[in-house]
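Peer 1: Just dropping this structure here.
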Amino acid sequence: MQNDLEKLRNIGISAHIDSGKTTLTERMLYYTHRIHAIHDVKGKDGVGATMDFMDLEKERGITIQSAATYCNWKDYSINIIDTPGHVDFTIEVERALRVLDGAILVLCAVGGVQSQSVTVDRQMVRYQVPRIAFINKCDRTGADPFRVVRQLREKLNHNAVFLQIPLGMESDHQGVIDLIRMKAISFTGEHGELIVESEIPAQHLDLAQSQREELLDAVSLFSDELTEAILEEQVTEELVHQAIRRGTLSLQLTPVLLGSAYKNKGVQALLDAVANYLPSPLDVSTTALDLEQEETQVTLKNATDLPLVMLAFKLEVSRYGQLTYVRIYQGTLQKGASIVNVRSGKKSKVGRIIRMHADQMEDIESAHVGNIVALFGIDCASGDTFTDGRVNYAMSSMHVPEPVISLAIKPKDNKAEMHMSKALARFTKEDPTFRTYLDEETNETIICGMGELHLDVYVERMRREYQAEVTTGMPKVAYRETITRPADFNYTHKKQTGGSGQFGRVAGFLEPNPGNDYEFVNQITGGAIPSEFIPSCDKGFQACLKKGSLAGFPIVGVKATINDGAAHSVDSSDLAFQQAAIGAFREAYSKAQPVLLEPVMRVVVEAPSEFQGMVLGTLNQRRGIIVSTSEDGSFTSVESEVPLAEMFGYSTVLRSATQGKAEFTMEFARYNTVPKNIAEQVIKEQKEKENQKS
């Protein structure tokens with residue numbers, strides 16, 4: 001069992017959009033004999049890559065959902081999750097990294113470290129995931145792996161070291177030079193399956209020797225034995241492998257490998273590196289919270305005979321019912337066993353245990369610690385912990401970013417309405433970043449997500465998978481309100497209507513609290529407000545946050561402090577103090593100079609250098625602030641901050657301005673004050689909507 005776990009790797013493949021993740025996964029599956037034919041992303045044969053099995057993925061040539069598979073390389077078992085590169089589907093990367101032990105960071109040899117590479121790397125740091133870097137597309141014109149490694153060091157602060165250097169570049173790319181074994185390796189045969197080793201050509205020898213010295217210098221920091229061996233000139237491959245593994249697992253070293261997945265070069269060497277350097281479940285420490293011991297942290301052990309603990313990290317509704325992907329952290333899961341959802345306390349019976357290969361399923365009888373499998377017919381939410389009932393442990397859930405864009409959708413008829421509600425129920429369960437609600441004021445169904453593409457894909461899926469014909473309205477921006485100066489309040493709520501009345505007085509002040517949603521501070525002394533009514537005041541203030549008086553948007557960045565008040569022995573109640581707090585908040589809010597806030601996005605545009613002026617123009621027209629511009633060869637990268645309200649339809653404008661050669665990514669940066677003239681317009685529009693309703 002211990003030996004099985006040592007030979008198990010749970011890895012993810014993550015990168016910026018269009019770096020070749022899915023193509024790389026396809027080649028890995030081919031060389032490990034998991035598939036017997038190679039198909040390309042957006043392939044001419046109409047089949048498409050194995051891991052992009054949704055029709056939408058095949059059409060658009062992008063990955064939308066992360067897909068799981070498994071394969072065997074030599075005597076190692078590898079579970080692979082191929083994740084999307086587009087920032088709109090960032091939750092797919094987030095939940096994959098939550099349960100994986102290691103990762104491959106794929107970088108384009110031409111594009112280098114791009115905007116989404118930075119986001120993906122930040123997610124890897126959040127979950128402490130060791131990674132190796134694979135510089136792909138070395139056969140493309142303009143490829144420069146040395147520049148990419150410089151960017152890894154400068155932009156991502158990685159201690160990146162070459163384990164290989166290219167054997168020829170661009171159209172002459174034949175393979176790699178292995179700096180550990182000092183051999184030239186080329187890949188021949190119809191699909192690069194024949195590996196030919198030879199002596200390093202004379203023209204590459206000097207560079208190979210200097211890079212090997214750099215490699216040994218970097219990795220000797222992680223091994224005293226290697227340092228001694230270097231001094232005695234008795235370096236062995238095994239010592240170098242051990243030192244690289246130690247550095248990688250400690251997150252202090254990023255081994256760099258090269259190749260071209262599309263041209264079938266370098267993939268087998270990458271599989272060797274996955275086996276040699278990335279962690280097994282035994283190398284990763286995982287903790288859970290013991291709910292019976294006041295949430296004290298417990299380290300889970302990689303043992304099959306201990307109580308079962310597993311995390312549901314992804315839900316998918318298939319034609320056979322809900323599919324729940326789980327990672328087992330402790331114990332063994334048997335078909336027919338009973339499991340308990342720690343959050344709800346609900347017991348379920350495990351009917352089927354599935355090993356996934358993209359959208360193909362293989363039934364298995366049991367799964368043990370370290371495995372990633374899927375279960376059918378288990379009702380739960382993404383992030384739930386399951387046990388066998390012997391322990392009451394909960395695992396920490398994953399980070400879920402807040403949606404930044406919303407869209408009004410309307411079904412065409414009653415039949416479409418039924419189908420739409422089914423689709424929305426499924427999508428919100430599957431994807432925590434996709435939200436939906438009914439706007440009580442406008443009676444519209446609103447969907448919220450991470451970007452235009454995110455919502456566009458879900459609307460398209462409603463039409464295709466549920467035959468729900470819907471029309472979409474203008475996207476709505478998630479505006480917020482806040483205050484800009486402190487303001488006092490001293491409000492008395494009195495109501496007398498025969499019998500006992502209502503009485504509560506609340507005094508204190510509101511002040512700006514940038515960077516936080518809301519904070520409540522109790523400074524009452526001497527029992528001016530009885531302690532049992534303090535939570536009522538807090539509840540009253542929170543009720544006011546849902547809708548500000550300026551334009552009816554939610555209020556953020558406010559600190560409410562109460563320091564005085566009065567109560568009546570008969571007439572004071574929970575409701576009276578809630579009403580007093582509501583009155584007090586409204587009184588102070590209007591005096592505190594409220595302003596509108598809008599979401600500002602970090603927008604990175606990458607385009608050929610000749611279009612730099614055009615790109616800057618399109619951003620300036622949208623109230624964009626240029627943060628930085630950098631040139632890499634013939635490409636320019638422009639980083640800017642632009643209000644979300646100005647970004648609708650930007651992709652069309654950018655394409656027409658750059659002959660379709662530019663691409664951009666955007667992610668939420670922060671909330672900023674709306675300029676006065678625009679704020680007046682937004683408030684006016686909101687007031688008009690209110691009047692139409694009334």
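Peer 1: Inspect all residues belonging to region 610-624 and state whether any of them is closer than 16 Å to LEU510 by Cβ, touching a residue at least 40 places away in the same chain (Cβ under 8 Å) and among the aliphatic types (A, V, I, L, M).
Peer 2: The answer is no; no qualifying residue exists.
Peer 1: Next question, about the same structure. Residues in region 308-329: is at least one among the β-branched types (Val, Ile, Thr), touching a helix residue (DSSP H, G or I) at 6+ places or on another chain (Cβ under 7 Å) and assigned by TED's automatic domain parsing to the domain that holds GLU94?
Peer 2: no
Peer 1: Additional query: In region 516-525, which residue that is within 38 Å of the chain's Cα centre (by Cα) and in a loop (DSSP other than H, G, I, E, B) is surrounded by the most Cβ atoms within 10 Å (Cβ to Cβ)?
Peer 2: Only one residue fits best here, namely ASP517.
Residue-wise test of (1) out of contact with any Gly (no Cβ under 7 Å at 6 or more places or on another chain); (2) assigned to a helix (DSSP H, G or I); (3) under 29 Å from ASN672 (Cβ atoms); (4) modelled with pLDDT of 90 or more.
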{"position": "GLY527", "(1), (2), (3), (4)": "yes, no, no, no"}
{"position": "CYS537", "(1), (2), (3), (4)": "yes, yes, no, yes"}
{"position": "LYS547", "(1), (2), (3), (4)": "yes, no, yes, no"}
{"position": "GLY552", "(1), (2), (3), (4)": "yes, no, yes, no"}
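Peer 1: In region 1-30, how many are in contact with a helix residue (DSSP H, G or I) (Cβ under 8 Å, 6 or more places away or on another chain), buried (at least 20 other Cβ atoms within 10 Å of the Cβ) and either part of a helix (DSSP H, G or I) or among the aromatic types (Phe, Trp, Tyr) (or both)?
Peer 2: Result for region 1-30: 3.
Peer 1: Still on this structure: Could you check, for region 593-616, whether at least one of its residues is under 31 Å from the mean Cα position of the chain (by Cα), of a type in the set (Gly, Ala, Ser) and not assigned by TED's automatic domain parsing to the domain that holds GLY112?
Peer 2: yes
Peer 1: A further question follows. Which one of SER572, SER630 is in the same structural domain as GLY552 (by TED's automatic domain parsing) and among the polar types (S, T, N, Q)?
Peer 2: Matching residue, one of SER572, SER630: SER572.
Peer 1: Test of understanding: among THR227, THR254, which residue is farther than 30 Å from ILE80 by Cβ, touching a helix residue (DSSP H, G or I) at 6+ places or on another chain (Cβ under 8 Å) and assigned by TED's automatic domain parsing to the domain that holds ALA37?
Peer 2: Just a single option satisfies the conditions, and that option is THR227.
Peer 1: Right, something else. Has region 194-214 got at least one residue that is part of a strand (DSSP E or B), touching a Leu at 6+ places or on another chain (Cβ under 8 Å), at pLDDT below 90 and in the same structural domain as GLN242 (by TED's automatic domain parsing)?
Peer 2: No, because not a single residue in region 194-214 is part of a strand (DSSP E or B), touching a Leu at 6+ places or on another chain (Cβ under 8 Å), at pLDDT below 90 and in the same structural domain as GLN242 (by TED's automatic domain parsing).
Peer 1: Quick one: ASP217 ticks every box in (1) surrounded by 17 or more Cβ atoms within 10 Å (Cβ to Cβ); (2) in a helix (DSSP H, G or I); (3) charged (D, E, K, R) except a single one, so which number is it?
Peer 2: (1)
Peer 1: Filter region 571-630 down to the residues that are among the acidic types (Asp, Glu) and part of a helix (DSSP H, G or I), then identify the one that is farthest from THR658 (Cα to Cα).
Peer 2: ASP574
Peer 1: May I ask you to list the residues in region 317-343 that are of a type in the set (Val, Ile, Thr) and either under 21 Å from the mean Cα position of the chain (by Cα) or in a strand (DSSP E or B) (or both)?
Peer 2: Answer for region 317-343, where residues must be of a type in the set (Val, Ile, Thr) and either under 21 Å from the mean Cα position of the chain (by Cα) or in a strand (DSSP E or B) (or both): VAL317, THR324, VAL326, ILE328, THR332, ILE339, VAL340.
Peer 1: Only one of these conditions is not met by LEU257: (1) in a strand (DSSP E or B); (2) out of contact with any Phe, Trp or Tyr (no Cβ under 7 Å at 6 or more places or on another chain). Which number is it?
Peer 2: Failing condition for LEU257: (2).
Peer 1: Let me ask something additional. Quick check on region 451-471. Is at least one of its residues modelled with pLDDT under 80 and part of a loop (DSSP other than H, G, I, E, B)?
Peer 2: Yes.
Peer 1: Six or more apart or on different chains, Cβ atoms under 7 Å: show the pairs whose first residue is in region 239-268 and at positive phi and whose second is part of a helix (DSSP H, G or I) and aliphatic (A, V, I, L, M).
Peer 2: Listed pairs, sorted by first residue: GLY259/VAL267; GLY259/LEU270.
Peer 1: Residues LEU323, LEU308, LEU315: which one is free of Cβ contacts under 8 Å to residues at least 60 places away in the same chain and either under 18 Å from ILE372 (Cβ atoms) or among the basic types (Lys, Arg) (or both)?
Peer 2: Testing whether each residue is free of Cβ contacts under 8 Å to residues at least 60 places away in the same chain and either under 18 Å from ILE372 (Cβ atoms) or among the basic types (Lys, Arg) (or both) leaves just LEU323.
Peer 1: Looking at the structure I just gave you, is THR236 touching a helix residue (DSSP H, G or I) at 6+ places or on another chain (Cβ under 8 Å), of a type in the set (S, T, N, Q) and touching a residue at least 12 places away in the same chain (Cβ under 8 Å)?
Peer 2: In short, no.
Peer 1: Looking only at region 174-193, count every residue that is among the small types (Gly, Ala, Ser), out of contact with any Asp or Glu (no Cβ under 8 Å at 6 or more places or on another chain) and either outside the structural domain of PHE162 (by TED's automatic domain parsing) or surrounded by 11 or more Cβ atoms within 10 Å (Cβ to Cβ) (or both) and tell me the total.
Peer 2: Selection size over region 174-193: 3.
Peer 1: Here is a follow-up. Could you tell me which numbered condition LEU282 fails, if it satisfies all but one of (1) part of a helix (DSSP H, G or I); (2) in contact with a Lys or Arg (Cβ under 6 Å, 6 or more places away or on another chain); (3) under 30 Å from ASN392 (Cβ atoms)?
Peer 2: (2)
Peer 1: Can you tell me which of (1) closer than 30 Å to SER338 by Cα; (2) within 26 Å of the chain's Cα centre (by Cα); (3) surrounded by fewer than 22 Cβ atoms within 10 Å (Cβ to Cβ) is the one LYS314 doesn't meet?
Peer 2: Every condition holds for LYS314 apart from (3).
The values are calculated or read from the model by the stated rules, or taken from the named source; none is laboratory data. Keep in mind it's a predicted model, so treat the numbers as computed, not measured. Methodologically, a virtual Cβ is constructed for each residue, glycine included, from the backbone with ideal geometry; neighbour enumeration extends over all protein chains shown.
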